Amino acid sequence: IHSFPTRRSSDLEVLRGGLESLVGVKTETRLRKGLNGVTDGYGVVLVDCPPSLGALTTNGLTAATQALLVVEPTALSLRGIDPVADLIENVWERHNQWLDLAGVVVNRTPARSHDAEVHLEELHAIVGRKAVWEPFIPPRVAVAEAAASRKPIHAMGSRGADVAAVFDELYKKLWKLIKP
């Protein structure tokens, strides 16, 4: 097993350049090029990216026209907003001038919490009030159960009815934004 020391971004750029020359294509544009022609028969294509700032997310943003972020109203989650905003701006400047921030969905928002309210105000200050979508998704066990059983939240009956209604509202907002 070989461990790699922490590298400076300049070192990583050199490694990326070597990979790009080996593969013959910029690594950030591989997904966009791979989807070229494949998506022609679709009005909308959603690309779900991992919650990281790595190559998969960069590829997803390079292939996208809209980015929709999901955050929780916690200090830890909000610390990640600035790096994500920086990544979106970097992708916009270097690889995809059509990329735009569609909005921010707030997940697992407690009904009453001073801490969450403070973090929501901080989120509004970072991305702007208009970028933060409502309604907020409440924390519900039914969401985890639906995911674990690989069922839609609507299949959870009355246990998931309130959160299903929230998802329906967010879907309507998304559909208005991206409808072909």
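The values are calculated or read from the model by the stated rules, or taken from the named source; none is laboratory data. What you are looking at is a predicted structure, and each value in this text was computed from that prediction instead of being measured. Quick reminder, even Gly has a Cβ in these numbers, built from the backbone with ideal geometry, and neighbours come from all protein chains shown. Heads up: the accessible areas ignore ligands, DNA and RNA and are worked out on the full protein's heavy atoms, side chains in. Shrake-Rupley method; radii C 1.70, N 1.55, O 1.52, S 1.80 Å.
For the stretch 77-129, take the alpha-carbon Rg, divide it by the Kirkwood Rh, and send me Rg/Rh.
Working: Rg = 13.3 Å, Rh = 12.5 Å.
Answer for the stretch 77-129: 1.06.
With label points built 7 Å along Cα→Cβ from the Cα atoms of D115 and I81, find their separation and express it in nm.
Output for this residue pair reads 1.7 nm.
Find the Cα radius of gyration of the stretch 21-126, compare it with 2.2 N^0.38 Å by division, and give the number to two decimals. The partial results should precede the final answer.
Details: Rg = 16.0 Å, N = 106, 2.2 N^0.38 = 12.9 Å.
Cα-based Rg divided by the globular estimate yields 1.24.
Please compute the volume of the convex hull spanned by the alpha-carbon atoms of the chain and report it per residue in Å³.
Values: hull volume 32.2 nm³, N = 180.
Given the Cα convex hull of the chain, per-residue volume reads 179 Å³.
Quote to one decimal, in nm, the extra length available between R159 and H124 on full extension: 0.36 nm per residue of separation minus the C-alpha distance between them.
On the way: separation 35, 0.36 × 35 = 12.60 nm, distance 3.07 nm.
In short, 9.5 nm is gained.
For the chain, with every protein chain kept in place, what is the accessible area per residue (1.4 Å probe, Å²)? If you can, show how the numbers build up before the last one.
Numbers: 12260 Å² over 180 residues.
I get 68 Å² per residue for the chain.
Take the solvent-accessible surface of the protein heavy atoms, probe 1.4 Å, and return the percent of it on the chain that carbon and sulfur atoms account for. Don't skip to the end; give the middle numbers.
Numbers: 6880 of 12260 Å².
Summing carbon and sulfur atoms, their accessible area is 56 percent of the total for the chain.
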